[in-house]
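The values are calculated or read from the model by the stated rules, or taken from the named source; none is laboratory data. Computed from a predicted structure; not experimentally measured. All Cβ positions, glycine included, derive from the backbone under ideal geometry; neighbour counts span all protein chains shown. The protein model used for the area step is the full one, side chains on, heavy atoms only, and it has no ligands, DNA or RNA in it. Shrake-Rupley method; radii C 1.70, N 1.55, O 1.52, S 1.80 Å.
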Amino acid sequence: MHDIIDYGLGHEDPTVRQYASHLERMLRKRGYKDHHLRALAGALGEYLDLAPKYSKQNARLNARVAAWGILPSTYRQYQADGRRMIEFYHGDLQARQARRERKDVFARLKAVLPDLIEANFIREDQTRGYPKLCDLARLRGWDITDLTRDRVIQLREECSTSDEWTQVKRGAGFIDLLRQFPTCRAMLPHNEIGSLTGVFRNEEAIPEFLFEEVNNWVTNATVEYDDTALTEEAREATAKRHSSGNTGIYRAALRTYVRTAGEYRDLKMSNGLTPLFELDVIEKVLVTLCERSKNSNGLEPRSLYEYASALKLTVKRRGLTEEAEKLAKLISRLPVLIEGAKASEQMSPKTKAWCRNLIQNEVKTEIFETQHLQYAAKAQAALEMAALEKIDLGAFVKDPASLALSTEEVRIAKRLLRQARMFGTCAAFAAIAIDVAPFRKSNILRDLNMDGHPQTFFDHRSDPVNPHFVIHIPNELLKNGKAMTARGQHMPPFPISEAHHRRDAFNILSFYLACIRPLFGGSTESSLLFPAIEVVGEELVFQTFDSWLAECSDEIGLPLTSHNFRHGLCSIEINEDPSCFPQLETITGDTERVLRRNYTFIDAEKRALDFQETRYRRRANRSQWSREIRGASE
């Protein structure tokens, strides 16, 4: 919101400057300072929650306006101009005005709707989705007669929220409804759009009985038991389990296979998982997945290769030898899987490009290395804004009804709660990944446990001499832990002290534990550092974190995923010091050989640049010598 106000105040048009001035006055009246405005998204919906349309019936709003010492008419002016400023900044105001002025078939159809409503042929509420459908179709340059089912589905890309997509679906259903009226038919699409309910749910659901069997197969493939153990207790205590990340790959691979197999076999009629691994089904499923890898929503070759390899080992552990051999042959012969096998041995071109862009841009490098501080500031701003709005987020989490909030205040509370959770969680995650060690996502979200067995996060802030935290993750929980154990290597304990170079991480984690973690329902049910939003004893859902990190990182100007922390840190350090591979081996758990293989492009490019720079300096010196020589000979 701060950028919108600055833009408007500096605009050459005095009307726009007035819009910006009134927007700022409206927000300043609520007590918002500059750092709050920087954290406040410049979205119209959020503004309208803070500055709702004036109504005499809104007692709370009237009391607030009176407390500010302004008249209702002044409030109306501020509120309307603030809305216009936001719309002007985003171009919505100008674009919407231009689209509304179009004399197209959408407009012609809209003109006949009042007559249909007046004649009681249709209800007014049935038309509510039509404006959104009309607006987004015009945005694509389509008139109503240009619409097809596929084009309407494409409009999902223009929807910023699920509510907008719901309106588009309602609009499409409405124009299908109008086909019964002869006066409308000539103004409608050539073919019926049809129901769009569940149009993006293209995966076959796995029946409950197969779902349980999938979990059993995954356990069988990822847990090795000691056959010499005489008791169940000893058997469980001596079991060797794959890391949570590796187990997740097996689980995802088998679920993906079963869903795809459901296109060729009736899952509900299947007598377990084994019939789904008949040789012809294996062929069909893998060929189908390979074909879909070419689409934007398909698996990448590298991931598909990992899935196929996991499937091969899974069926082999079940004693399905012929089926495992079939999978092995397909892995070695299908071009997409061959490509995936090669890709798994090296960093993907996309990731290399991201790393290059990071180290070649000093601004991006600084953003990467300070992102946890920016996230924490935005989380703190959300808590402060909640206090300004007199909303107790802790009480709201436990019992929203107890606060007796208005509809607008409930929306504000939900938005600020989400912002505090989202930025606070990303701040703590990034503090660990950047200032401590670039652990994988599963190790941070699922394995950092403040109690129980194994305890991996230790809170020693009560130490009178040296308040600190310690993170210590055993090899059993690491994706590469088995290989590390085989070569006698372990991840060391990582202290996070208030008095040393990890002070930022210490402060952010302290802030997270005191102010952010209690806002999660699972904080009372779990000792995990990152508990679930719901009141359950589980970790934060990975997909939720992924979407939060995507949104937070995009807002600070450096879009990234959780895996980019590992790549980013290694790329920056190698670019600064090409001899740092032994240190990176200690904090990543990867061997120096693997690190050099993955990041050799950075070292090679840096050596080439240094070599070119040396040659340039030498050539420049020679040019100087040449001038001196020529001058002496004349």
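Some notes on this structure:
- Net lengthening on full extension, THR321/ARG60 (0.36 nm per residue, minus Cα-Cα): 86.8 nm
- For Rg and Dmax of the Cα atoms in Å, the value computed from the atomic coordinates appears in the list (i) 27.1, 89; (ii) 28.8, 112; (iii) 30.1, 105 under label (iii).
- Across region 219-229, computed HN-Hα scalar couplings (Karplus, 6.51 cos²θ - 1.76 cosθ + 1.60, θ = phi - 60°) run 4, 4, 7, 10, 10, 10, 9, 7, 5, 8, 5 Hz from first to last residue, x flagging Gly and Pro.
- Farthest positive-ward along region 401-455 dipole, Cα basis, beta-carbon charges - from ILE412, ALA428, PRO454: ILE412
- Residues in region 250-256 carry Karplus couplings, in order, of 4, 5, 5, 4, 5, 5, 4 Hz; the curve used is 6.51 cos²θ - 1.76 cosθ + 1.60 with θ = phi - 60°, and Gly or Pro positions show x.
- Anisotropy class assigned to region 201-307 is prolate, per the alpha carbon gyration tensor with a/c at or over the 1.5 cut-off and a/b larger than b/c.
- Phi angles of region 36-50 translate, via the Karplus equation with coefficients 6.51, -1.76, 1.60 and θ = phi - 60°, into HN-Hα couplings of 6, 5, 5, 7, 7, 5, x, 9, 5, x, 5, 4, 5, 5, 6 Hz per residue; Gly and Pro are given as x.
- Compared with the alpha-carbon gap, the fully stretched path from ALA80 to GLN612 is longer by 185.6 nm at 0.36 nm per residue.
- Computed magnitude of the charge dipole of region 229-365 (debye, nearest 20; Cβ of K, R +1, Cβ of D, E -1): 340 debye
- Helical runs assigned H by DSSP (4 residues or longer) give the chain a calculated mean residue ellipticity at 222 nm of -19500 deg cm²/dmol, each run adding -39500 (n - 2.57) before division by the residue total.
- Rounded if a/c under 1.5, otherwise prolate or oblate - region 1-143, Cα gyration tensor axes: oblate
- Ratio of the Cα radius of gyration of region 329-440 to 2.2 N^0.38 Å, where N counts its residues: 1.65
- Relative contact order of the chain: 9 percent, from C-alpha pairs under 8 Å at least 6 residues apart in sequence.
- 1.4 Å probe accessible area per residue over region 504-613, in Å²: 44 Å²
- Treating r as the C-beta distance of THR148 and HIS90 and R0 as 45 Å, the FRET efficiency rounds to 0.95.
- Rolling a 1.4 angstrom probe over region 220-286 with all protein chains present gives an accessible area of which 49% lies on carbon and sulfur atoms.
- Amide H contacts of HIS460 (H built 1.01 Å from N, in plane; Pro and chain starts excluded): HIS468, PHE469, VAL470 sit under 5 Å, all sequence-distant by 5 or more or on other chains.
- Between ALA377 and HIS563, full extension at 0.36 nm per residue minus the direct alpha carbon distance yields a gain of 64.7 nm.
- Here the simple spin-label model places points 7 Å from the Cα toward Cβ, and for THR288 and LEU9 these points are separated by 5.9 nm.
- Placing +1 on the Cβ of every Lys and Arg and -1 on the Cβ of every Asp and Glu, with nothing else charged, gives the chain a dipole about its Cα centre of roughly 1700 debye.
- Per residue, the convex hull spanned by the Cα atoms of region 225-382 amounts to 227 cubic angstrom.
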